Every structure is written in structure tokens, then in C-alpha cells.
Amino acid sequence: MNGILYGIGLQLKLDIRSKTMLITCYMVPLLFYLLMGGIFTSLMPQMRESIVQSMTVMGISMGAFIGLPQSVTEVYGGDMKKVYQANGAPVYFGLVSMALSSFIHLYAMSLIIYISSPFIFESFVPDKPNLYFLSLAIFLAVSVTVGCVLGLLVKNQSKLTMISQIVFLPSIMLSGIMFSSDLLPYALKIIGKFFPASWGYNLMLNSGFSIKNLIPLLIIFLLAAIAISIMLKLKKRDI
């Protein structure tokens, strides 16, 4: 347990120094939040009711689907994983450290949005903060788990960038955070349901915490966890 805590602490420090994680977990999401938040609330004042949830979903999706997979691929796509085995650490040690570190960084970014939005955009905070932060943690856990799958699945950095974008862009465009998903064609609306962003956004909305929105996220999490377990076993054989 002490080893895992030490690994998480070390990974947190490494992520802060990592340009990729700094850009995808803080700089770009917060710049997008400041820019688009001002545009959305000016053009559509009703967006003040959901700007916290919308910008949070965007920031978490970027960090989990673009930033985290890059870090995972750097370790498990090369010889770095052999270092863990040489030091007696289990093959999952690095992945757990990176996943929890990303979770903490993205949660911190979400808190910045939650705290600053009422002052900057005169937005409304969620009616039930306890349910909101629980929903945030669930959505964040699911997104980070999917990000780990992407990082383990692709070894090539250039291919990973393309695949990450393929997951990230539909997550944002089809989730309903920028415009109502009811405006989408039926086929695109269905496709959007396969991404955690759509369910996470609905779960974090006021009165959105329900079994209807929770079960799809749990299914995605379980499928991603099974995929990670299988891929880690394959990685262990390759060492």
C-alpha cells in the first residue's frame, strides 16, 4: 500500500512537469472554459444553468482521452514496463499510478471551474453539491478507465493521437454539452450514447442523478476494466 501511495505521489509530480498532461489537464480545458464560457453565456443566457457541467465534461474528456493515453503508451508501449518488473512491482503498478494521478489532476481542474464559474459568468451552481461531486467522480473514473484502454491498445504515438481524437471529438460534439442532442439526427444521437460524456453530462445536471444515467456509465466502466485486465495479462507475457 505504501508503495502504491509513493507511486501516486511520484506520478503526480511527474505529471505536473509533463507538458502533455499540463496542457491537456489544465491549460487547454481552462482556456476553452474561459473563451467558450463567455461566448455561450453571451449568446445563450440559459447556458448559465449548465455551463459548469458542460465545461467540466469537455475538460475531463480532453485530459482522459488525449493526455492520459499518451503517458500510458510511453510506459507500456516501450521497455519502461520492464523496469517495474525488475524492481518487483506488479505490471499494473504504473497504470494505477497514472490513472489515479490523472483522476486527481482532472478533479482539481473541475473544482476550478466549479468555484470560478459563478464569479466569472454568473452561472448557477448545481442544486445538490453532494450528488454533483459524486456524479463527477463517477464520470471521471469511467473516463480515466477508457483513457487507460486507449493507452494500452495503441503502441504508436502518431496512431494514438488520431484514435484519441476519434474518441474525443464525438464525445464533445454528440454529448449535448454544446447544443441539445435533440437537434442531432437520430443516428448521431444514438452514436453519442456510446461515449461516457453523454451520460456523464446528464448525470451531473440538476435532477440528473438516476439509474437511467448511471447504468450506462457502469457498463462502460466494466467493459473498459475487463479490456484493461486482458491487455495487462498480454503485456505481462511480452516482458
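Here, each number is a calculation from the coordinates, and none is a lab measurement. Note that the structure is a prediction, hence the values are computed from the model and not measured. Don't worry about glycine lacking a Cβ; one is built from the backbone with ideal geometry, like all the others, and counts go over all protein chains shown.
Rounded to the nearest whole Hz, the Karplus-based 3J(HN,Hα) values (6.51 cos²θ - 1.76 cosθ + 1.60, θ = phi - 60°) of segment 36-49 follow the sequence 6, x, x, 5, 4, 6, 7, 7, 10, x, 5, 5, 4, 6, with x at glycine and proline. Net charge in the neighbourhood of Leu218 (other residues with Cβ under 15 Å of its Cβ; Lys, Arg +1, Asp, Glu -1) is +2. 3J(HN,Hα) along segment 133-142, derived from phi through the Karplus expression 6.51 cos²θ - 1.76 cosθ + 1.60 where θ = phi - 60°, amounts to 5, 5, 4, 4, 5, 5, 4, 5, 4, 5 Hz, with x in place of Gly and Pro.
The label point for Ile166 and the one for Leu184, both projected 7 Å from the Cα toward the Cβ, are 1.8 nm apart. Applying a threshold of 27 Å to the alpha-carbon distances of Lys155/Lys212; Lys159/Lys235; Lys128/Lys212; Lys128/Lys193 flags Lys155/Lys212 as lying beyond it.
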